[in-house]
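*Asks:* Okay, here's the structure, questions in a sec.
The values are calculated or read from the model by the stated rules, or taken from the named source; none is laboratory data. For clarity, every value in this text was computed on a predicted model and none was experimentally measured. Quick reminder, even Gly has a Cβ in these numbers, built from the backbone with ideal geometry, and neighbours come from all protein chains shown. To get the accessible areas, we keep the full protein, side chains included, count just its heavy atoms, and leave off ligands, DNA and RNA. Shrake-Rupley method; radii C 1.70, N 1.55, O 1.52, S 1.80 Å.
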Amino acid sequence: MCEEVDCLVVGGGSGGCVAALTAARLGLRTALLEEMPFLGGMSTGGAVGTYCGFYLRERDGRLAPLVGGLPLEIAQGLLERGHAYGPVPFKETAALPYVPWGLKRLLEDRLSHQPRLHLRLHTKLGHVVTEGGEIQGVVAHAPSGALALRARVYVDATGDAVLSRLAGAPTRVGDTIQYPSMMFTMQNVRLERAGPHLGRLREIVEEHLAHEELPRRGGNLIPTGRPGEVLVAMSRVSLEDRPVDGSNDEELTFGEIEGRRQAERLGDFLRRRFPGFEEAFVADAAPRLGLRETRRIEGEYVLQEEDVLGRRRFEDGIGRAAWPIERHVAGGETLWTFLEPGSFYTIPFRCLVPQRVSNLLAVGRCVSADAGAFASVRVIGPCMLEGQAAGAAAELLCQRGGAARDLDVERLRQRLAALGVPL
């Protein structure tokens, strides 16, 4: 028996959740498959802990909202529930710290209460049937057995371009990928003592870098807003002096174990070296390694680093982005290239359209971009905007038919504007 829907989204991360919810709200029978037991992708499973790409800094120093629509609705929902605070200035931009647990529950509430959306957790994509450059159906594996589904429009939100690759769309792993990290939480931190020193983390790390064999030069200590709790971003997971490749199962297995080993060592370092952490302990590491980059599609357009730095506004732009080019590179360094204050670029719809497959869209870490542009567009704000665009595009494709590459992008932009997305 084959389940028939209008829109099938594979992957319940930030982009996938927004794509599925948008499609369902627009009246499409929608299914969302997620292999993990919870929603949120890296935002919850990787315990990122900060929404990036939601704000830009104006020339006068003010922080201005950058996204609208569902991304803003979800952020506001977290704030209203007391599971986020901010925005908090960060370097030349800003971030919105949030509690991963709170985000899991908010996403579950939003999606499970949508009558046109059928959510399936613990369900992993296994096989894709393609004919004449069009996906005819997929087979997924769930605890109850194999599951066949057919849709009119498919959205790849797997983070690793799994659906696109299995459908025969060209994908690639970058020549140089970014290093992953393992986030972890420490509790029983004396925040009144630690707070004045948070800005000195890099200085303290540099002082002990060689002797302690620390994996990263600096990082971030992020108070969650709950008493005595801090989210720690100090890990950098490598294999033989290169990034762990998250698209390789053996390397990913190594990376998961090495990431937790680093969390243990770094927690011990903070207890010994950082004020206010003397009685703190590692409460838990993220459920999975925080992957920044694996495999992505080759789309109808490849977003270029020069598009980002040149603040290019595309005719088929589906949302605004202004996060700096953030590269996690060798030597434990993080390199930043910022846009001019008050400026942004737009994300072209063509970057969501894989080559060779007519009824498929890709969002989030699957998006088509070169290494430099990807280092900006990969963060959560743009991923959610891409998801909103994919959900709205699915509605138009179901109404009018045709291939995704031939979609009337002006009608899509009008729909997104009506949904509250600034263009």
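*Asks:* Can you pull out every residue in segment 45-59 that is touching a Pro at 6+ places or on another chain (Cβ under 6 Å) and modelled with pLDDT under 95?
*Replies:* Passing the criteria: ARG57, ARG59.
*Asks:* Further question on the same structure: All but one of (1) farther than 16 Å from ARG217 by Cβ; (2) among the small types (Gly, Ala, Ser); (3) open to solvent by less than 10 Å² (accessible area, probe 1.4 Å) hold for SER247; which doesn't?
*Replies:* For SER247, the exception is condition (3).
*Asks:* Could you count how many residues in segment 64-112 are in a helix (DSSP H, G or I) and among the polar types (S, T, N, Q)?
*Replies:* Residues in segment 64-112 being in a helix (DSSP H, G or I) and among the polar types (S, T, N, Q): 2 in total.
*Asks:* Go through (1) of a type outside the set (S, T, N, Q); (2) under 15 Å from the mean Cα position of the chain (by Cα); (3) open to solvent by 10 Å² or more (accessible area, probe 1.4 Å); (4) farther than 25 Å from VAL162 by Cα one by one and return the number of the condition ASP60 breaks.
*Replies:* ASP60 satisfies all of (1) of a type outside the set (S, T, N, Q); (2) under 15 Å from the mean Cα position of the chain (by Cα); (3) open to solvent by 10 Å² or more (accessible area, probe 1.4 Å); (4) farther than 25 Å from VAL162 by Cα except (2).
*Asks:* What do you reckon, is GLU192 within 21 Å of HIS328 (Cα to Cα) and either touching a strand residue (DSSP E or B) at 6+ places or on another chain (Cβ under 8 Å) or open to solvent by 40 Å² or more (accessible area, probe 1.4 Å) (or both)?
*Replies:* Details: within 21 Å of HIS328 (Cα to Cα): no; either touching a strand residue (DSSP E or B) at 6+ places or on another chain (Cβ under 8 Å) or open to solvent by 40 Å² or more (accessible area, probe 1.4 Å) (or both): yes.
Against the criterion (within 21 Å of HIS328 (Cα to Cα) and either touching a strand residue (DSSP E or B) at 6+ places or on another chain (Cβ under 8 Å) or open to solvent by 40 Å² or more (accessible area, probe 1.4 Å) (or both)), GLU192 does not qualify.
*Asks:* Do we find that THR253 is open to solvent by 60 Å² or more (accessible area, probe 1.4 Å), among the hydroxyl-bearing types (Ser, Thr, Tyr) and free of Cβ contacts under 8 Å to residues at least 24 places away in the same chain in this structure? If you could, list the steps in order and put the result at the bottom.
*Replies:* On the way: open to solvent by 60 Å² or more (accessible area, probe 1.4 Å): yes; among the hydroxyl-bearing types (Ser, Thr, Tyr): yes; free of Cβ contacts under 8 Å to residues at least 24 places away in the same chain: yes.
It is true that THR253 is open to solvent by 60 Å² or more (accessible area, probe 1.4 Å), among the hydroxyl-bearing types (Ser, Thr, Tyr) and free of Cβ contacts under 8 Å to residues at least 24 places away in the same chain.
*Asks:* State all residues of segment 25-39 that are within 17 Å of the chain's Cα centre (by Cα), open to solvent by 20 Å² or more (accessible area, probe 1.4 Å) and within 14 Å of ALA142 (Cα to Cα); if no residue qualifies, say none.
*Replies:* Taking segment 25-39 first, the residues within 17 Å of the chain's Cα centre (by Cα) are 32-36, 38-39.
Checking which are open to solvent by 20 Å² or more (accessible area, probe 1.4 Å) leaves us with 35-36, 38.
Within segment 25-39, GLU35, MET36 meet the criteria.
*Asks:* Moving to a separate point now. Condition test on MET42, is it of a type in the set (A, V, I, L, M), in contact with a His (Cβ under 9 Å, 6 or more places away or on another chain), at pLDDT 95 or above and open to solvent by 10 Å² or more (accessible area, probe 1.4 Å)?
*Replies:* Numbers: of a type in the set (A, V, I, L, M): yes; in contact with a His (Cβ under 9 Å, 6 or more places away or on another chain): no; at pLDDT 95 or above: yes; open to solvent by 10 Å² or more (accessible area, probe 1.4 Å): yes.
Considered against the rule, which asks whether it is of a type in the set (A, V, I, L, M), in contact with a His (Cβ under 9 Å, 6 or more places away or on another chain), at pLDDT 95 or above and open to solvent by 10 Å² or more (accessible area, probe 1.4 Å), MET42 comes out as no.
*Asks:* Under the condition of being open to solvent by 50 Å² or more (accessible area, probe 1.4 Å) and either in contact with a Phe, Trp or Tyr (Cβ under 6 Å, 6 or more places away or on another chain) or not aliphatic (A, V, I, L, M) (or both), which residue from segment 64-77 is nearest to GLU340 (Cα to Cα)? So that I can check it myself, show each step before the final result.
*Replies:* Here is the first cut: in segment 64-77, the residues open to solvent by 50 Å² or more (accessible area, probe 1.4 Å) are 65, 72-73, 76.
Pick out the ones that are also either in contact with a Phe, Trp or Tyr (Cβ under 6 Å, 6 or more places away or on another chain) or not aliphatic (A, V, I, L, M) (or both) and you get 65, 73, 76.
On the way: PRO65: 16, GLU73: 27, GLN76: 27 Å.
Of everything passing the filter in segment 64-77, PRO65 is nearest to GLU340 (Cα to Cα).
*Asks:* Also: Among SER235, SER247, which is farther than 26 Å from TYR98 by Cβ, in a loop (DSSP other than H, G, I, E, B) and either within 27 Å of the chain's Cα centre (by Cα) or without any contact (Cβ under 8 Å) to a residue 12 or more places away in the chain (or both)? Break it down into steps so the answer makes sense when it comes.
*Replies:* Details: SER235 fails: farther than 26 Å from TYR98 by Cβ.
Matching residue, one of SER235, SER247: SER247.
*Asks:* Condition (residue is without any contact (Cβ under 8 Å) to a residue 60 or more places away in the chain, open to solvent by less than 30 Å² (accessible area, probe 1.4 Å) and in contact with a Lys or Arg (Cβ under 7 Å, 6 or more places away or on another chain)) applied to segment 203-213: is it met by at least one residue?
*Replies:* yes
*Asks:* Quick one: which of VAL138, VAL153, VAL129 is surrounded by fewer than 21 Cβ atoms within 10 Å (Cβ to Cβ) and over 17 Å from the mean Cα position of the chain (by Cα)? Give the steps one after another, and end with the answer.
*Replies:* On the way: VAL138 fails: surrounded by fewer than 21 Cβ atoms within 10 Å (Cβ to Cβ); VAL153 fails: surrounded by fewer than 21 Cβ atoms within 10 Å (Cβ to Cβ).
Only one candidate qualifies: VAL129.
*Asks:* Please go through segment 190-214 and give me each residue that is closer than 25 Å to VAL237 by Cβ, touching a Gly at 6+ places or on another chain (Cβ under 6 Å) and not aliphatic (A, V, I, L, M), ordered by number.
*Replies:* Scanning segment 190-214 gives a single hit, ARG202.
*Asks:* Of the numbered conditions (1) open to solvent by 30 Å² or more (accessible area, probe 1.4 Å); (2) closer than 25 Å to ARG288 by Cβ; (3) over 24 Å from the mean Cα position of the chain (by Cα); (4) not hydrophobic (A, V, I, L, M, F, W, C), THR176 satisfies every one except a single condition; which is it?
*Replies:* Single failed check for THR176: (3).
*Asks:* Of all the strands (runs of 3 or more DSSP E) wholly in segment 294-383, which have at least 1 residues that are in contact with a strand residue (DSSP E or B) (Cβ under 6 Å, 6 or more places away or on another chain) and surrounded by fewer than 24 Cβ atoms within 10 Å (Cβ to Cβ)? Walk me through how you get there before you give the answer.
*Replies:* On the way: elements: 295-297, 317-321, 325-328, 334-337, 345-348, 360-362.
Correct list: 295-297, 317-321, 325-328, 334-337, 345-348.
*Asks:* Are any residues in segment 227-244 within 23 Å of PRO89 (Cα to Cα) and surrounded by 15 or more Cβ atoms within 10 Å (Cβ to Cβ), and if so, which ones? Step through it out loud before you land on a result.
*Replies:* Taking segment 227-244 and keeping what is within 23 Å of PRO89 (Cα to Cα), we get 227-235.
Within segment 227-244, GLY228, GLU229, VAL230, LEU231, VAL232, ALA233, MET234, SER235 qualify.
*Asks:* Next question, about the same structure. If THR22 satisfies every condition in (1) open to solvent by less than 40 Å² (accessible area, probe 1.4 Å); (2) under 15 Å from GLY159 (Cα atoms) but one, which is the exception?
*Replies:* Status for THR22: all satisfied but (2).
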